Every structure is written in C-alpha cells, then in structure tokens.
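In what follows, a single structure is set out as structure tokens and then discussed.
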Amino acid sequence: MGDGNISCVIKRSKKAKKLRLAVHADGRVVLTSPERVSSGALDDFLQNKKSWILSKLELFRKAKETSVLKFGKGDYSKHKNEALKLILSRIDFFNNICKVRINKISVRNQKTRWGSCSRRGNLSFNYKIVFLPPMLRDYVIAHEVCHLKQFNHSKDFWRLVADCLPDYMEARKELRGKYLLI
C-alpha cells in the first residue's frame, strides 16, 4: 500500500468476478482481483480498506494472547459425530422459537467459519464447535437457524437472534475476540 506499512499480495484470476480481500492470521493480506481491473483501481480499493485491514491485523495480533484453536487432520473424523449430535439437539431447541424449514444439516472441517446456511435451507457447521463453551455454541447455532427466516443481518434478524438467545451480544463479542479458527 501507499506508505509501505502493509504488505499485500495481489492475485489476478480469470475466474474472479469481483475484488476479494482476505487478511490471514499470520499477517498475510491477499487481494484477489479479476484480470481486467487496473492497478490504480486496486490501489484505490486497498486505500479505502486500509482501516479495515489494520483492524483485522490488530485482531490477529491480540489473538496470539487468546484462544486460537488449532487442530490436526485426524481431529475432524474423531469429533464429527459428536458435533452433529450436539448441533441436532440445539437446532431442535432454537427451531421451536424460529419455526423454519431445515433441509439438510452438515458438519464440515471449515477453516474460517463456525457455521453457514444456504437459501435452500441447508445448514453447515464447523466440527470444532464442540470445543466452544456452551453459550458460544448456542450463539453459532441460533445465528444460523435464524438466517433461515431472515437471510441477512437486518434489525429483524438480530431481534430474532435475541428471541433465541437474549445474551447473544456477549457471546458474539467473545467468539469474535477470543476464538479464532486457523
């Protein structure tokens, strides 16, 4: 970037349709760009995102003092079924509040997400959820179930999350500040 204090790798891709910026826990900053975007546009984009990049780098710096969860290759197969059992029991609990149609539930070994959902009603969770404190597990599960009713982060979505988990803001803050996936 302009003043040289942030190093950024730029990857040009034929498949990329838009700019994608990633800040990794090891301090790498990677900007993936469609081939047709000019260097000047990339510089402008990075300059506009500078404060966001610095905040993420600071988050990772602080994370070295917190609980960074690291796992080996065999951990997924060892804990996948345990995670699914836990997730299914809590989904039933939260779905009594949300009353949504759930299509498929899967447990994966995701690198950067605790959970996700699709418009088709599919929920996916990281197996590492079993290692979180119960309040944080509940937050992740409630968050994804609520997305099936509100597929956004609007005020209505957060109200629904609050209906499921009144202390969700504390859990959200702790999850984002203390438990990073690597």
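The values are calculated or read from the model by the stated rules, or taken from the named source; none is laboratory data. For clarity, every value in this text was computed on a predicted model and none was experimentally measured. FYI the Cβ positions are ideal-geometry reconstructions off the backbone, even for glycines, and counts take in every protein chain you see.
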Under the condition of being β-branched (Val, Ile, Thr) and free of Cβ contacts under 8 Å to residues at least 24 places away in the same chain, which residue from the range 7-36 is farthest from Thr112 (Cα to Cα)? Val9
Test for Tyr179: is it touching a Ser or Thr at 6+ places or on another chain (Cβ under 6 Å) and closer than 14 Å to Gly115 by Cβ: yes
Glu144 is checked against (1) under 30 Å from Arg12 (Cα atoms); (2) crowded, with 16+ Cβ neighbours inside 10 Å; (3) at pLDDT 90 or above and fails just one. What number does that condition carry? (1)
So which residues in the range 137-182 are among the hydrophobic types (A, V, I, L, M, F, W, C) and in a loop (DSSP other than H, G, I, E, B)? Leu148, Phe151, Leu165, Ile182
Being at pLDDT 80 or above and closer than 17 Å to Lys173 by Cα is the requirement here; does Glu65 meet it? no
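Each row is one residue, and each column tells you yes or no for (1) of a type in the set (S, T, N, Q); (2) within 27 Å of His24 (Cα to Cα).
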position: Asp92; (1), (2): no, no
position: Ile97; (1), (2): no, no
position: Val100; (1), (2): no, no
position: Asn109; (1), (2): yes, yes
position: Ser118; (1), (2): yes, yes
position: Gly121; (1), (2): no, no
position: Leu132; (1), (2): no, yes
position: Ala142; (1), (2): no, yes
position: Val145; (1), (2): no, no
